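I have placed the structure first, in the form of structure tokens, so that the comments after it can refer back to it.
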Amino acid sequence: MKLVSIVALVSSVGLAASVAAVQTDPRLTTAVVAKDGSGQFATIQEAMARIAMGTPDRPATIYVRRGVYRELVYAQREKRYVRLIGEDPESTVLVYGLHAGMKGLDGEAIGTFRTPTLYVDADDFTVENMTIRNDAGPVGQAIAVAVHGDRVLFRNCRFQGHQDTVFLNRGRHYFTGCSIAGTTDFVFGGATAWFESCDIQALASSYLTAAATPPESAFGFVFNRSRVRVAEGEQTYLGRPWRDFAQVTFLNTEMSEVVRPEGWHNWDRPEREKTARYQEFGTTGPGASRSRVPWARTLTPADARAMSARSVLRGSDEWDPLRKP
């Protein structure tokens, strides 16, 4: 799929200035953002544009004080080893409201992939203690966060939207203690990601995941010791395959009664039942049905024990998301 740069996005929707207007300061390794003027910057994007690249042992850090920051934020490739840290997710909120049907300056709809509130193009990037929201509403595709880098970590964050809330395009990523809310396909993409102790909340009768896992990737999305909840009166599938070899695993996860007993949907493409890789182990709660579709798999205890954040995410570079600098 063809994706546009955030600079093109900014101009396409008629917003103010290019994100590249301010040059990185190689000396700036710590920045403070505050709405009330008590920090170095009043917006997150200003700080992002100025912060220097960090190192594995000494990451650069942007501290965001409490407030609602209504802006688009782009972490470009050069922002490697940068941490974006809020005071707490309840009161440190990054929000914007682009959606796929909005018209750009050319009069054409901007499309799904131009809608992220936070766009992470950098490797080795970390976000903590923040809410990332797309508040366009139930109007179609509207991304809260899009990740195109590798080895990106999210700790104690809240992701809020409707359709397509979290887009993980490529790379390997680790989420811990996070909550994700949406309606349709609200965790989607081709990346490999481990979700540890996360709260997944479906707001409508639809699909939680839409994985596009490449056939050569052993894992797509893995949810461990998490919780799946669904709004009252709704029912949801655990996922449907955006691409043929979609891979999603739920381990030791609590599921409410309104998870559909069949669990998975083939996206009206029966041929994908032969290639999609959906599996569970140790799920609990009334939604942990034992009558899933026959083409889904229940893992053996040995298979489940062999899966960990490190084994799923390590890759050829032996990345360990639990090892802190």
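Under a point-charge model restricted to the Cβ atoms of Lys and Arg (+1) and Asp and Glu (-1), what is the dipole moment magnitude of the range 103-244 relative to its Cα centre, in debye to the nearest 20?
Around 260 debye, computed over the range 103-244.
Among rounded, prolate and oblate, which fits the chain when a ≥ b ≥ c are the square roots of the eigenvalues of its C-alpha gyration tensor, a/c under 1.5 means rounded, and a/b larger than b/c means prolate? Provide the component values of the computation, followed by the final result.
Values: a/c = 1.84, a/b = 1.50, b/c = 1.23.
It comes out prolate by the Cα gyration axes.
Have a look at PRO321, CYS157, VAL73 and report the one farthest towards the positive end of the charge dipole of the chain, computed about the Cα centre with Cβ charges (Lys/Arg +1, Asp/Glu -1).
PRO321
Work out from phi, with θ = phi - 60° and the Karplus expression 6.51 cos²θ - 1.76 cosθ + 1.60, the ³J(HN,Hα) of each residue of the range 257-267, listed in order in whole Hz, and give x for Gly and Pro.
Per residue, the Karplus-derived 3J(HN,Hα) values read 5, 9, 6, 4, x, 6, x, 10, 10, 8, 6 Hz.
Would you mind working out the magnitude of the charge dipole of the range 191-325 relative to its Cα centre, with +1 at each Lys and Arg C-beta and -1 at each Asp and Glu C-beta, to the nearest 20 Debye?
It works out to roughly 220 debye.
Can you tell me what the convex hull of the Cα atoms of the range 284-325 projects to on average, as an area in nm²?
Working: hull surface 20.2 nm².
For the Cα atoms of the range 284-325, the hull's average projected area reads 5.0 nm².
Could you give the accessible area per residue of the chain, probe 1.4 Å, as a whole number in Å²? Could the numbers behind the result be given before it?
Working: 13640 Å² over 325 residues.
With the other protein chains kept in place, the chain gives 42 Å² per residue.
If you take every DSSP beta bridge whose two residues both sit in the range 86-151, what share of them, in percent to the nearest 5, is antiparallel?
That works out to approximately 10 percent antiparallel.
Two decimals, Cα atoms only, Kirkwood Rh: what is Rg/Rh over the range 49-168?
0.98
Scan around GLY149 for amide H atoms under 5 Å from its own, H built in the peptide plane at 1.01 Å from N, and keep only partners 5 or more places away or cross-chain.
Here the answer is ALA122, since their amide H atoms fall under 5 Å of that of GLY149.
Quick one: Karplus J couplings for the range 288-305, per residue in order, coefficients 6.51, -1.76, 1.60, θ = phi - 60°, nearest Hz, x for Gly and Pro?
Along the range 288-305, the couplings run 7, 5, 9, 10, 5, 4, x, 8, 8, 10, 9, 5, 7, x, 5, 4, 5, 5 Hz.
For the residue pair ARG66 and LEU322, what label-to-label distance in nm results when each label sits 7 Å from Cα along the Cα-to-beta-carbon direction?
3.3
Find the relative contact order for the chain and round it to a whole percent, using C-alpha pairs within less than 8 Å whose residues are 6+ positions apart.
9
What dipole magnitude, in Debye to the nearest 20, does the chain give about its Cα centre under +1 on Lys/Arg Cβ and -1 on Asp/Glu Cβ?
Details: 38 positive and 36 negative charges, 86 e Å.
That gives a dipole near 420 debye.
Please sort by residue number the GluC sites (Glu not before Pro) in the range 259-325 whose DSSP state is loop and whose Cβ has at most 13 other Cβ atoms within 10 Å.
Values: sites: GLU262, GLU271, GLU273, GLU280, GLU318; in loops: GLU262, GLU318.
Filter output for the range 259-325: GLU318.
Roughly what % antiparallel, to the nearest 5, for the DSSP beta bridges in the chain?
So the antiparallel bridges in the chain amount to around 0 percent.
Hey, what do the phi angles of the range 159-166 turn into as Karplus ³J(HN,Hα) couplings, whole Hz, using 6.51/-1.76/1.60 and θ = phi - 60°, x for Gly and Pro?
For the range 159-166, the Karplus-derived couplings read 10, 10, x, 10, 7, 6, 4, 10 Hz, x marking Gly and Pro.
Using modelled backbone amide H atoms (1.01 Å from N, in-plane), which distant-in-sequence or interchain residues come within less than 5 Å of SER308's amide H?
For SER308, whose amide H was placed from the backbone, there are no distant partners under 5 Å.
The values are calculated or read from the model by the stated rules, or taken from the named source; none is laboratory data. Please read all numbers here as calculations on a predicted model, not as lab measurements. As a convention, Cβ positions derive from the backbone with ideal geometry for all residues, glycine included, and neighbour counts pool all protein chains shown. Just the protein is used for accessible areas: all its heavy atoms, side chains included, with ligands, DNA and RNA removed. Shrake-Rupley method; radii C 1.70, N 1.55, O 1.52, S 1.80 Å.
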